[in-house]
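First up is the structure itself, then whatever we jot down about it.
Bear in mind that the values in this text are calculations on the coordinates, not laboratory data. These numbers were taken from a predicted model, which means no experiment stands behind them. Glycine gets a Cβ as well: all are built from the backbone with ideal geometry, and neighbour counts include every protein chain shown.
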Amino acid sequence: MSVNGEAVRVTTETDQTDEPGWEVDPDDDWALAVVATVGRQLRLRREAAGMRVGDFAVAVGYGDDLVYKIESGKRIPRPEYLDTADELFNAGGLISAMKEDVKKVRYPKKVRDLAQMEGRAVELQLYDPVNIHGLLQTPDYTQALFRMRRPRYAEEEVERGVAARMARKSVFERDSAPELSFVQDEWTLRRRLGGTMVVRQQLEHLLELGQLPNVEIQVMPMDREEHAGVDGAIEVLKFEDGTAVGRSPGVAHGRPVSDPRQLRILELRYGIIRAQALTPRESAVFIDQLLGET
């Protein structure tokens, strides 16, 4: 843009998006195809709108070079980039809808599909401080959570989300059942999300799952003065070949990691959380007491 006849560069936070982690893996054919398709659609939309690269770059707060990289399939666009483009080109949500595929491309191909990884894992260590973990949820509890999202989800989105989450529960039905360890904060069990009947059914479901020989559910009481889970949720999935994948908001900004050093951090934290929580037997008694109070 120009001020008093002189060119002035517009600098915004999104000018800094050319950073490690948003490039496309050159060995990931599916990711390359997705990003190339998204970039081509963005370019065609921009050209159809009669907007030059420089004008579009100013509108979205990016440098010209980054716009060229995204449109040529060399860079992964951020979600807010797609939302802004959707609005500028009056795409009616068609560009924003690309965020789902782009989100998958953002992660390395070997850790892209969580459900697939859970299906291959021989051991899962899972801590959720916000809600009852997805693998432990009943359909009604899951449905209640999706309907609480704001902005509101359309009914078909709710149904699709519930179906996808329930499909992950096939991990409990595998012939070669994995070892599953869960830690839940007490307050996630006390919240009346969805109403009394939904919560009662959810607590009963936890007691049933806790009786499976390969499942351990532990409760972290609210009266604990020390809690190693203050950095957020933890997931560690271990596979038969000795490899593992983990993620937590407190490590690598929540992106899946397979680096041994980062995995050790996650396993250390999870181990301490388990030690601080009630034992599985004590937890079952505690959940049963909550059920009686509900």
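For the chain, modelled as a GNM whose springs connect Cα atoms under 10 angstrom apart, the maximal fluctuation among Leu94, Leu124, Leu136 occurs at Leu94. Between Asn90, Asn131, Asn214, the GNM of the chain built on Cα springs shorter than 10 angstrom shows Asn90 fluctuating the most.
Considering only His133, His253, His205, the Gaussian network model of the chain with Cα springs below 10 Å gives its largest mean-square fluctuation to His253.
Other residues lying with their Cβ under 12 Å from the Cβ of Arg147 contribute a combined charge of -1, Lys and Arg counting +1, Asp and Glu -1.
Label positions at Glu173 and Arg147, each projected 7 Å from the Cα along the C-beta direction, are separated by 2.5 nm. Here the extension length gained between Lys74 and Ala97 equals 6.3 nm, from 0.36 nm per residue of separation less the Cα-Cα distance. Label sites at Met197 and Asp231, each approximated as a point 7 angstrom past Cα along Cα to Cβ, lie 4.3 nm apart. For the chain, the convex hull spanned by the alpha carbon atoms encloses 169 Å³ per residue.
Could you give the length gained on full extension between Leu207 and Ala163, defined as 0.36 nm per residue of separation minus the Cα-Cα distance, in nm? Show your work: numbers first, answer last.
Numbers: separation 44, 0.36 × 44 = 15.84 nm, distance 2.26 nm.
Fully extending the segment from Leu207 to Ala163 adds 13.6 nm.
Largest first, the three principal axis extents of the alpha carbons in segment 108-260 are 43, 42, 34 Å in whole numbers.
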